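Each value in this text was obtained by applying a stated rule to the coordinates, not by laboratory testing. Since the model is a prediction, treat every value here as computed from it, not as a measurement. Cβ placement follows ideal geometry from the backbone for every residue including glycine, while neighbour counts extend to all protein chains displayed.
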Amino acid sequence: MSPIAAIESEFGPVLARLGYKVAGRFHADTERLEENYDLSDTVLGVGANGDVRLAQSRLDGSKSFAVKTISFNSIAGMDEWTMLENQLEVALLVDHPNVVGVTDVYETDEALHLVMPCMEGGALGEELSPVSLDCGKDLARQMVLALGYLHGQGIVHRDVKPSNFVLKQKQGKCLKIIDFDLCAFWQPGDSKLHSCCGTPGFMSPELQSGDGYTSQTDMWSLGATLFQLLVGKMPFSLQEAPNQEVVDELLNSQVTAGLNHDARDFIARLLRVDAAERPSAQEALRHPFVALHDQCRKAAQATRCAGRPNGRGRRQARRPQRGGTPCGGGTIVNTQTELAKLLMASEVHPLLPPVPLQQKIAAVRWADLEDDS
């Protein structure tokens, strides 16, 4: 009998599907949260089914964690239980630098405790003023990488918005997506999703209309998210389901005067009412606003420079030298390797195979209206 099969849990089917990916992170009564973590009274967030509190590792007191507690008494009906199973499965499955997964999960008779890394930098959208274009470019790229990974795993987030992206550290640059409460499993070839869920103001037109949607709904929400971050205001009213004429007028108005061509064009491509006209996350990575073309070009130029003839007509050694090779007054350290790293970074590489395909049901998160106001 496998270790997973031996676990007595209300979430047996989820654990069985994930198999080795659980990797000893799930504890059902055999080991309690308090044995490994000191839970504080500091509340980091409040959700519909419980609080998120700050905790310290008992093994290494220097490490902080966020513990999300979901009370089973707050779960009403099979739809909400399915949502909880879905949230747990995704949290245990994901493994990507721009996605927050779980470190440990503890199940008791009363609740489920999800232990996650503590993102000390806080959520985006807490500042009213817009971010700079340079900062927005970096944030946008990381958002696309996160969505590209999720979509590659067959996961649709369905609640993409600024407050669901958090910075790892204060004044830091590492961005991660959080909150899998409303996500669903879908990939090309599946029937469209129809459950109405998300946060008003960021929901795609096809999601609001009830005609069915795919992972492209996240790309619309990404466009609305970037608009708010770069412009400093919501693009649409909470009750509005804009048509393409309204979107085009908005993007050509004085409201977006502070955006450069690449930023405006990137948002315009995401905010296409016809979902088929939006780029996928993989395609979006090639757009000039988020692509790494500048860095790759500089690295390529440095590589060519390292192989040019010197003043005596001889080519410098192609083999990298300790301490770097002088060129044009600068220092180049292993440029071929650095170029390869940059090129690899410009693509999404899923770390895990696609998960079993399931269509989940979720409720509209109207409580988020108060959080984002």
Cut-off under 5 Å, modelled amide H: who pairs with LEU44 long-range: VAL52, ARG53, LEU54
Whether segment 10-129 is rounded, prolate or oblate, judged on the alpha carbon gyration tensor where a/c under 1.5 counts as rounded: rounded
Cα centroid of segment 47-108 to Cα centroid of segment 143-196, whole Å: 16 Å
Dipole-positive endmost among LEU93, LEU114, ALA55 within segment 3-117 (Cβ charges, Cα centre): LEU93
Cα-based reach from LYS161 at 16 Å (exclusive), listing aspartates and glutamates while leaving out same-chain residues under 8 positions away: GLU126, GLU127, ASP179, ASP181, ASP218, ASP368, GLU370, ASP371, ASP372
Separation of the SER132 and ASP211 label points, Cα + 7 Å toward Cβ, nm: 4.2 nm
